[in-house]
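The values are calculated or read from the model by the stated rules, or taken from the named source; none is laboratory data. As the structure is a prediction and not an experimental result, all values here were calculated from the model. Glycine also receives a Cβ, built like all others from the backbone with ideal geometry; neighbour counts cover every protein chain displayed. Keep in mind that these areas ignore ligands, DNA and RNA; they rest on the heavy atoms of the full protein, side chains included. Shrake-Rupley method; radii C 1.70, N 1.55, O 1.52, S 1.80 Å.
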Amino acid sequence: MHLHEYQAKQLFADYGVPVPQGRMVESIQDAAAAAKALGGGRWVVKAQVHAGGRGKGGGVKLVDSVEAVENTARALLGSKLRTRQTGSQGLPVHRLLIEDTVEITRELYLGMLVDRARERVMVMVSASGGMDIEEVAARDPRAIVTEAVHPAVGLQPYQCRNLAFAVGLAGDQIRAFTRLLTGLYRLFEQQDASLVEINPLVVTASAELLALDAKLELDDNALYRHPHTSDLRDPTQEDEKERSASEHGLNYITLDGDIACMVNGAGLAMATMDLIQLHGGEPANFLDVGGGATAERVAEAFKLILADAKVRAILVNIFGGIVRCDLIAEGIVQAVQEVGVDLPVVVRLEGTNREEGKALLAASGLNIITAEGFSDAAAKVVQASRGAGA
Ligand code: GDP
Ligand code: MN
């Protein structure tokens, strides 16, 4: 689960990681009130969306009057912000963070993530903060210095010092950096984070360290341990189809192609996407209806597929082991009766109650193309997506 910057900064503050003074607002009036309450005469207005690259995308504005805060809030609230991380649709801006500005002397990068291969939390720092860290990594990998944390002993002070030296901190800053890292690691561990990034972590004119940006991802599989954090979820930032899918217990991911797939089992779904590509097509989605699929769930899955306007053909690839083929067919028919389908549907059913399933589909009035075997199904659906029929 992604968090907003303002939510991440609230958690940072709870764990002793220094952040600028700021307030989250949802209206123009509140933006002006926040600026007045913060005082100072110069503020940063930051669009809260689940994506980075906001600075370059026009979502971070430095302003020096309350009127300018209002005008910026008016322009941003209700708009869609497009950055290189949001995709062409952009993400809706409903919340802003109004913050005190700081005078920056240096911009550092700080990140923590789970390295699955090493089975450790990796701490990464770079003196080249503020810019795209991916670019830094590609151009000059040695500009990023890492330490691996042993889970049994946790982050050690000597590791913090190593990292502080690597980015050229000295004197009191090393102590401050160690405190900051220790707090951040504690947050990472206690909140079951999978990624935290501070870019930039700045050294201010008064030589203090401050997290100017905050990116935090929590491990979905551990959310049950943090019932309160589910309140932090912001559905407006999520793909609507993927959200509706997860509510129905379906594993669905939107992709760029035009061939929709409905498959049972993640492995078979992956193989299905591979075969579609092998035959020159592009999958429109990944969809695993799971082993315990009910007719209702299949119907929801089929409706999800049909809600995607770019879909030109559908491939149903089911291996009926635990799930029964006739039950899948029943779900498809149910969905078709509710929403109507005129797209070609290629069906490959194998296994339990395959004949019953086929009979149900044949009687459904759908434009069904039956396939014998996996490769045949992929070839036929690619052909159908090009309007050539089978
Ligand atoms: P991102 O582009 O989505 O990663 O958003 P950031 O929060 O990193 O903001 C983008 C950039 O705005 C930062 O790298 C800073 O250079 C700049 N910025 C943000 N807050 C301040 C501030 O208080 N003072 C100054 N001078 N610059 C800031
Ligand atoms: Mn940033």
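Per residue, the range 141-283 exposes an accessible area of 49 Å² to a 1.4 Å probe, with every protein chain left in place. Quick check on the range 240-330: take the gyration tensor over C-alpha atoms, sort the square-rooted eigenvalues as a ≥ b ≥ c, and tell me if it's rounded (a/c under 1.5), prolate or oblate. Verdict is oblate for the range 240-330. Centre-to-centre separation between the Cα atoms of the range 112-131 and those of the range 264-299: 33 Å. Please go through the range 119-206 and write out the GluC sites (Glu not before Pro) that DSSP classes as loop and that have at most 13 other C-beta atoms within 10 Å. Here the GluC sites (Glu not before Pro) that fit, given the DSSP loop and packing criteria, are 119. Each residue of the range 108-122 was assigned a 3J(HN,Hα) from its phi angle through the Karplus curve 6.51 cos²θ - 1.76 cosθ + 1.60 (θ = phi - 60°); the sequence is 10, 10, 9, x, 9, 8, 7, 8, 5, 5, 8, 6, 9, 7, 9 Hz, with glycine and proline shown as x. Computed from backbone phi, the HN-Hα couplings of the range 353-364 come to 6, 4, 5, 4, x, 4, 5, 4, 5, 4, 8, 7 Hz, rounded to whole numbers (Karplus: 6.51 cos²θ - 1.76 cosθ + 1.60, θ = phi - 60°; Gly and Pro given as x). With point charges of +1 on the Cβ of Lys and Arg and -1 on the Cβ of Asp and Glu, referenced to the Cα centre of the range 114-183, which listed residue (166, 182, 145) lies farthest in the positive direction of the dipole? My answer, from the dipole projection, is 182. In a DSSP loop and with at most 12 other Cβ atoms within 10 Å, the trypsin sites (Lys or Arg not before Pro) in the range 56-133 are 84, 116, 118. Couplings 3J(HN,Hα) for the range 138-150, derived from phi with the Karplus relation 6.51 cos²θ - 1.76 cosθ + 1.60 (θ = phi - 60°), are 6, 7, 8, x, 6, 6, 10, 10, 10, 9, 9, 9, 6 Hz, where x marks Gly and Pro. Charge dipole (Cα centre; +1 on Lys/Arg Cβ, -1 on Asp/Glu Cβ; no other charges) of the chain amounts to roughly 720 debye.
A dipole drawn for the range 107-265 from +1 and -1 charges on Cβ atoms has a positive end, and of 229, 265, 125 the residue lying farthest that way is 125.
Placing unit charges on the Cβ atoms only, positive for Lys and Arg and negative for Asp and Glu, gives the range 151-222 a dipole magnitude near 400 debye about its Cα centre. Net charge dipole, the range 258-390: roughly 180 debye, given to the nearest 20, about the Cα centre with Cβ charges of +1 for Lys and Arg and -1 for Asp and Glu.
The Kirkwood radius of the range 7-125, taken over pairs of alpha-carbon atoms, gives through the Stokes-Einstein law at 20 °C and 1.002 mPa s a diffusion coefficient of 137 µm² s⁻¹. In the chain, a dipole from Cβ-located charges (positive for Lys and Arg, negative for Asp and Glu) runs towards its positive end, and of 69, 218, 191 it is 69 whose Cα lies farthest in that direction.
Remark: for residue pairs 9/36; 310/380; 80/215; 358/380; 46/310, the C-alpha separation exceeds 26 Å in 46/310. Taking a point 7 Å out from the Cα of residue 66 in the direction of its Cβ, the residues of the range 18-42 whose backbone N falls within less than 20 Å of it are 21-42. The helix-based estimate of mean residue ellipticity at 222 nm for the chain, built from -39,500 (n - 2.57) per DSSP H run of four or more residues and divided by its residue count, is -11000 deg cm²/dmol to the nearest 500.
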